[in-house]
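What follows is a set of notes on a single structure, which appears directly below.
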Amino acid sequence: MKVVRVTCSICLLVLSLVAFTFLTATPKAQAAASGSTFVVRFHGASAFANFDSFSPDGCIETLAFVDGTQNGSSLEADVFISQVNNCTATPLSGGGCGPTALLCAFGTTFSPTFQVSKALDSASLSATIPVFDSVSGNTFNVSVDVTWVATGPLSRESGSSHFHTKNFTENFHFNDEFRDASASGTVSDGTTNFSPSPSVFAQTASFKSGDVTITHS
């Protein structure tokens with residue numbers, strides 16, 4: 001196995017692209033008697049941003065995460081918002097975000113307006129995303145309007161792996177580019193802006209990957 005410098009930040013982006021990867025999976029050849037070949041390809045761009053802010057008294061912390069992805073003609077945008085009370089030990093209905101969570105909402109849309117420049121020096125995302133709050137059990141819309149501006153140089157990562165057994169062979173490779181960035185804008189339910197300050201971490205990226213699996217009877 002040969003891998004050239006994999007970073008945690010790029011791993012987060014890869015996880016956000018898994019759904020798209022499998023949407024592009026198509027069996028290229030199949031023979032019932034001898035086995036089958038399955039090919040998965042991804043070629044696209046993505047951007048993500050993390051926001052972190054506090055209430056004036058410092059007790060309520062709001063975390064917001066947004067991402068946009070383009071894979072060919074397919075688009076996706078995701079948003080995650082949580083609010084936690086760091087000043088109380090009284091258990092609240094956390095809903096997976098911790099025992100003091102006030103809000104724990106996640107949603108996805110497949111019809112955003114999303115663009116990333118070829119040089120990865122800028123990106124923009126505009127979308128209305130329905131989210132489900134596991135604390136209250138309510139569903140509501142979140143409006144996302146975020147722009148990215150690169151703050152770092154272009155970095156590259158590449159790698160490949162090979163796995164083989166008697167009845168199974170898999171070959172995987174990737175060639176990615178990414179840039180650190182600063183993101184700003186609004187992530188709002190119409191009343192509260194959950195991203196009042198610029199991002200604490202953000203990146204733009206482009207991905208090329210392929211996975212070939214061969215099974216034998």
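The values are calculated or read from the model by the stated rules, or taken from the named source; none is laboratory data. Everything numeric in this text was worked out from a predicted model, so none of it was measured. Using ideal geometry, Cβ is built from the backbone for each residue, glycine included, and neighbour counts are taken over all protein chains shown.
Remarks
- Of Phe178, Phe172, Phe207, Phe168, all but one fail to be without any contact (Cβ under 8 Å) to a residue 60 or more places away in the chain, under 21 Å from Asn71 (Cβ atoms) and of a type in the set (Phe, Trp, Tyr); the exception is Phe172.
- Checking each residue in the stretch 184-216 for being over 17 Å from Ala119 (Cβ atoms), aliphatic (A, V, I, L, M) and in a strand (DSSP E or B) picks out Val187, Val212, Ile214.
- Answer residue from the stretch 149-169, given it is of a type in the set (A, V, I, L, M, F, W, C) and surrounded by 12 or more Cβ atoms within 10 Å (Cβ to Cβ) and is nearest to Ala123 (Cα to Cα) among those: Val149
- Pair list, Cβ under 9 Å, 6 or more apart: the stretch 142-165 residue at pLDDT 90 or above and in a loop (DSSP other than H, G, I, E, B), other residue surrounded by 15 or more Cβ atoms within 10 Å (Cβ to Cβ) and among the basic types (Lys, Arg): Thr151/Arg179; Gly152/Arg179; Pro153/Arg179; Leu154/Arg179
- Here Gly58 meets the list (1) farther than 22 Å from Thr108 by Cα; (2) assigned to a strand (DSSP E or B) almost entirely, failing just condition (2).
- Only residues that are on the phi > 0 side of the Ramachandran plot and either within 19 Å of the chain's Cα centre (by Cα) or β-branched (Val, Ile, Thr) (or both) were counted in the stretch 45-72, giving 1.
- Inspection of the stretch 57-73 finds a residue satisfying the criterion of being modelled with pLDDT of 50 or more, crowded, with 20+ Cβ neighbours inside 10 Å and within 27 Å of Thr215 (Cβ to Cβ).
- Qualifying residue in the stretch 122-131 (condition: over 17 Å from the mean Cα position of the chain (by Cα), surrounded by fewer than 16 Cβ atoms within 10 Å (Cβ to Cβ) and either small (Gly, Ala, Ser) or modelled with pLDDT of 95 or more (or both)): no
- Any chance Phe172 is surrounded by fewer than 17 Cβ atoms within 10 Å (Cβ to Cβ) and aromatic (Phe, Trp, Tyr): yes
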